Amino acid sequence: MHVVPSSLSAPVRVPVRLWFLLGAMVLAQAATTVVAAAPAFLIPYLHEHEGLSLATAGLLAGAPNLGLVLALVAWGAATDRFGERRVILIGLALTGATVAAAMLADGLGALGIALVACGAASACTNSASGRLITGWFPTERRGLAMGIRQTCQPLGMAIAALGVPPLALAFGVSAALGLGGALVVLSFVVCVLLVRDPARPPRAAAAESGSPYRASNSLVRIHAASMLLVVPQFALSTFGLVWFTVGFGWSALAAGALVAFSQFAGAAGRIVVGIWSDRAGSRLRPLRIVAIAGVVTLAAAAGFGWLEWGIPAAVLYVIASCVSVADNGLAFTAVAEIAGPSWAGRALGFQNTGQFLAAAAVGPAVGAAIGVIGIPAALALVALTPALAVPLVPKPSAELVRA
């Protein structure tokens, strides 16, 4: 990446318009996150008021994620081929249309198909937003920018958690789904005004540069490490509430507040780690340190769980949750920089697809482990995944490939 640490170089000024562009990206991806997450927050309503079994409601909740996984690489390839602005605007328009179809769907089958389409359309922002950041922001500010961009997921989840259940209770499923649709329409207007494509290399030069996957195994190693590192993130967010209510006897309100606080702390942590990577002039060196920290914090949290020390376990839960999401922006930025502008969209699509596939396995796998050996022992097993990721993280010299 050849970045001189900022402590040794003159401050890099970023034009104000780029921060507005970044804000548009955060809004767009938060809106698509609400679209994909809304069905999960409808599970209690669908079960209690519509008479659906938890299994059926859960199947509907997972429908957007299925569409998202199927479409990520295709959207990434489209971004490489046609540019970010066109992909984002077409994708947001399609997302709005599929949300409208879901709102009008008659029957569970039609609703499920529409939700799969919602997820597939909403995947448009994942690669394009990351590619915009690496295309517009100078290397010395990409970590910060990508860290801010990564806050879109907890922001979107928070909006869905706060807005979807009360809308469903007051006005029904269609209104609850419409929340994401309204935000998508708003983000579409903002992106029309603010999003512009960065300069791109001529197509002949892009073809001549060839696939970065043939140049080295660095991208594959980052993809594999990221799949392992996503396991603690989803294990902690999925089973944190259960751990503190069942394991420590906390009230649902207190445990929920702890989990929510850990999410907001994690969002702040993504930004801090991004700044750290800018100052260090490396994404991969901090990524390796984050993986090591994940092993330590998860093991400590498991230890306090075995000892049944509630408050220390809660503190370590928050710290471990922050660490578990800190790798996302680092790996995402490294993938885009190593892949180069001609391949960044596809590489980011592969990156996200691998993470979503790994995340989908966390619930059943960790849930089964908890049922057999309990939460503390399951957390200790989860700590093995960042341990396995450490040797997979490439050396910082890999960042010199195409940054």
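Nothing in this text is a laboratory measurement; each read-out follows from the coordinates by a stated rule. Quick caveat, the model's predicted, so the values are computed rather than measured. For neighbour counting, all protein chains shown are included, and Cβ atoms are generated from backbone atoms with ideal geometry for every residue, glycine included.
Data overview
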item	result
Percent RCO, i.e. relative contact order, over segment 303-403, from Cα pairs under 8 Å lying at least 6 residues apart	35
Highest-MSF residue in the chain out of Leu52, Leu229, Leu42 [GNM, Cα springs under 10 Å]	Leu52
Where labels lie 7 Å past Cα in the beta-carbon direction, separation of Arg13 and Leu388 in nm	5.0
Model label zone, Ala97; criterion: amide N under 12 Å from point 7 Å along Cα-to-beta-carbon; scope segment 117-138	121
Along principal axes, Cα extents of the chain, largest first, whole Å	58, 51, 36
Span-rule helices in the chain, defined as complete DSSP H runs reaching 20 Å or more along the axis (Cα) with Kyte mean at least -0.5	16-41, 54-82, 84-104, 108-122, 152-171, 173-194, 218-242, 252-280, 284-307, 310-339, 344-373
Residue among Leu236, Leu104, Leu72 with the largest mean-square fluctuation in a Gaussian network model of the chain, springs linking Cα atoms under 10 Å	Leu104
